[in-house]
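Worksheet: the structure to be examined is printed underneath.
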Amino acid sequence: GSTKSSMMESRDEAQHVVECDMCQQPVSFFCRRCGVNLCDPCVLIHLRVKSKNGHDIVDYTSKDDDDTCHCDSHPQNDCSAYCKTCETPICMLCVTIKHKSHEISELSDKIEELLKVIATENDRLQSFKHELERIFEHTTKLLSSISSIYQLRKDEVTARGEEWHKQIEETVKKLHQELDGMQKEHETILQKQKEKFEEMVWKVNKINGKTIKLQKSKNVTEMQSFVPVIQKQESLSEVSQYSFPQLYEYKIDEYLENKLKENELSGRILSEIPTVSTVIDTGFPADETKNRLFDMAVTDDNKVWMGGASSELKLFDLQGNLHHTVSITTYGIYLCMYNKQVVYTGTKAVKMISDTDTVVTMFTTGDWEPYGVTSATSGDLLVCLRKDDQNKVVRYSSTGTVLQEIQDDSQCQPLYKEVAYISENVNGDIIVTDWNKNAVIAVDRLGIFRYSYSGKDTKFDVCSVATDSVGYVVVTDYKGDKIHILNRDGRFLRYIIPEGGINKPHAVCILGDGEMMVGECLTGIAKIIKYLEE
């Protein structure tokens, strides 16, 4: 408070220092017409001075609060009218002379009109300020939570590391036990072989002794009976020799990797043979490229909205019964659920179906064309946008305020070439399928690049993406007729190819209970596939 009061004092002092222009007394008044500073006694003297413009004496402190408008042509007169032709305020004298034939209006009308515009614009700025404050608050919140978000990440990494350590220790111990068992087995075999050879050496020595003895003898009978005995003795080529064991090569890395993969499924194992429990014919017509079924979105009460090659959205239950159909203005290529309503992207706008089945525009997207859309846990919407060769992901509030733009990586290179479908993972990652790069591209919740996945083999044909409650990333491989499952770090876990196969999978959504629904683009058939064991 002290600095504030000292500032006030210095301002007052400065005011005291201003002097009257006629004598050197402190100033009290100001003549607006003549621009002269005056003290109390000098005011009267000044008023006696004749002036073409007259005088307008005001308190010195309010010399700048000019509430009136003086005429440009007759400065001694206040303006009381407005010339619409010249768009300027004028005095009564001007009305009769210079602006005689012009369109004149009351000055108060013009003032009212201008104030209305100013008030409207001010209201606009005020409401803009509220949005700004909201974004500011959002950013501040994000900034304050950022360290805890990253701490959480680090804790996850630490926990994961400890898990791996434990796993490695257990694996090493197990492998040691197996190797101990093998060693015992080999020792036993070699010990037996050693004993056998010992016996054979003894036998050969004995025969050698007999031979030496017979060389000095002339006993033919003994020699005759000894020949078959010596011939019968096996030579080394006939002895099965047990060579040093070829140690079973332990692929410890592979072993660990498989172990860790199993672990990752946090108690939920991927089904060996994924089963199809239900087949639903969505009945969409085929467009000129033979496509029928494009996207699907699951409601809270376990029904699924379907979008395809017709200007309507259909709501099916999981048994395949059609419950509802709603007309829209475009094809339903990109859908999501938002606040219990189905949302889709139309031409340069994000639209919602209201409770009364009418199409409501939530917000427009300017020059950018929207593609994939998904609702984020924060209550915002994430939308894929394209304009010419530019691509980005934008986080919008429900009213269409831009909260975040994700376009370039840390080297200022574009992250995306052709954004299509989008999903938000449980860890906040934003995952997009890029049809030009033919890859799945993930950034974290702050828009920082995390990973890119472009298939186990070169024949990957990425289409759409969904994520489940465990954090698996489920990607449809259109021409590959299969589904890829990745872990939350983008590492390939396995393919899902259900019994009976899947034909040109396009749409995918997660139903819970370890089930997903996959839409075959060309047949218009949706299949419910069980991909996790209980």
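When all C-alpha to C-alpha distances in the range 293-332 are sorted into bins of 10 Å, what percent of pairs does each bin hold, rounded to whole numbers?
34, 56, 10
Over the chain, give the accessible area per residue in Å² for a 1.4 Å probe, as an integer. Working shown, then result.
On the way: 31540 Å² over 534 residues.
Here the per-residue accessible area is 59 Å².
Could you give the length gained on full extension between V17 and E156, defined as 0.36 nm per residue of separation minus the Cα-Cα distance, in nm? Mind dumping the intermediate values first?
Numbers: separation 139, 0.36 × 139 = 50.04 nm, distance 6.92 nm.
Working it through step by step, the gained length comes to 43.1 nm.
Could you tell me how far the Cα centroid of the range 412-475 sits from the Cα centroid of the range 140-187, in Å?
26 Å
Which of the peptides 370-382, 70-82, 40-52 is most tightly packed, and how do the rest follow, going by the mean number of other Cβ atoms within 10 Å of each residue?
Put in order of decreasing packing, that is 370-382, 70-82, 40-52.
Can you check what the net charge comes to around N302, using other residues whose Cβ is under 11 Å from the Cβ of N302 (Lys, Arg +1; Asp, Glu -1)?
On the way: positive: K303; negative: D300, D301, D317, D513, E515.
Summing Lys and Arg as +1 and Asp and Glu as -1 gives -4.
For the range 387-426, what does the convex hull of the Cα positions come to per residue, in cubic angstrom?
Details: hull volume 4.3 nm³, N = 40.
Measuring per residue, one finds 108 Å³ for the Cα hull of the range 387-426.
Please give the Cα centre distance for the range 288-357 versus the range 394-410, rounded to the nearest Å.
24 Å
Report, in listed order, any pair from K340/K530; K437/K530; K387/K530; K340/K527 with a Cα-Cα distance greater than 27 Å. Working shown, then result.
Values: K340/K530 25 Å; K437/K530 30 Å; K387/K530 39 Å; K340/K527 23 Å.
Exceeds cut-off: K437/K530; K387/K530.
For the range 302-396, what is Rg from Cα atoms divided by 2.2 N^0.38 Å, rounded to two decimals?
Working: Rg = 13.4 Å, N = 95, 2.2 N^0.38 = 12.4 Å.
Dividing the Cα Rg of the range 302-396 by 2.2 N^0.38 Å gives 1.08.
Quick query: amide H of C91 versus all other amide H atoms, modeled in the peptide plane; which residues come in under 5 Å with a sequence gap of 5 or more or a different chain?
S80
Using a Förster distance of 56 Å, how high is the FRET efficiency between D72 and E405, based on the Cβ-Cβ distance and rounded to 0.05? Show your work: numbers first, answer last.
Values: r = 49 Å, r/R0 = 0.88.
Step by step, r from the Cβ atoms, then E = 0.70.
Given points 7 Å out from each Cα along the Cα-Cβ axis, report the I168 to F136 separation in nanometres with one decimal.
Roughly 5.0 nm, to one decimal.
Is the shape of the range 63-196 rounded, prolate or oblate, going by the alpha carbon gyration tensor and its root eigenvalues a ≥ b ≥ c, with a/c under 1.5 for rounded and a/b larger than b/c for prolate? Present the calculation step by step, with values, prior to reporting the outcome.
Values: a/c = 9.93, a/b = 6.90, b/c = 1.44.
It is prolate, given that a/c is not under 1.5 and a/b is the larger ratio.
With the full set of protein chains in place, find how many percent of the accessible area of the chain is carbon and sulfur; take the probe as 1.4 Å. Could the numbers behind the result be given before it?
Details: 16660 of 31540 Å².
Roughly 53 percent of what the probe reaches on the chain is carbon or sulfur.
Size of the range 385-534 along its principal axes in angstrom, Cα-based, largest extent first?
In descending order, the Cα extents are 45, 30, 29 Å.
So which aspartates and glutamates pass the test for K154, namely a Cα distance under 16 Å, with those fewer than 8 places away in the same chain ruled out?
E162, E163, D429, D444, D489
So if each residue of separation counts as 0.36 nm, and I subtract the Cα-Cα distance between L175 and Q193, what length gain in nm does that give?
On the way: separation 18, 0.36 × 18 = 6.48 nm, distance 2.70 nm.
Stretched out fully, the L175 to Q193 stretch lengthens by 3.8 nm.
Sorting I57, I207 by accessible area (1.4 Å probe), largest first, what list results?
Per-residue accessible area, sorted high to low, gives I57, I207.
Any of K84/K129; K314/K459; K141/K392 with alpha carbons more than 31 Å apart? Name them for me. Walk me through the numbers before you get to the answer.
Details: K84/K129 34 Å; K314/K459 33 Å; K141/K392 24 Å.
As for pairs spanning more than 31 Å Cα to Cα, those are K84/K129; K314/K459.
Running Debye on the chain with equal point scatterers at the Cα sites and no solvent, what base-10 log of I(q)/I(0) appears at q = 0.09 Å⁻¹?
-0.82
The values are calculated or read from the model by the stated rules, or taken from the named source; none is laboratory data. All values reported here derive from a predicted model rather than from experimental measurement. Please note: Cβ atoms are built from the backbone with ideal geometry, for glycine as well, and neighbour counts cover all protein chains shown. Areas reflect the complete protein model, heavy atoms only, side chains present, ligands, DNA and RNA absent. Shrake-Rupley method; radii C 1.70, N 1.55, O 1.52, S 1.80 Å.
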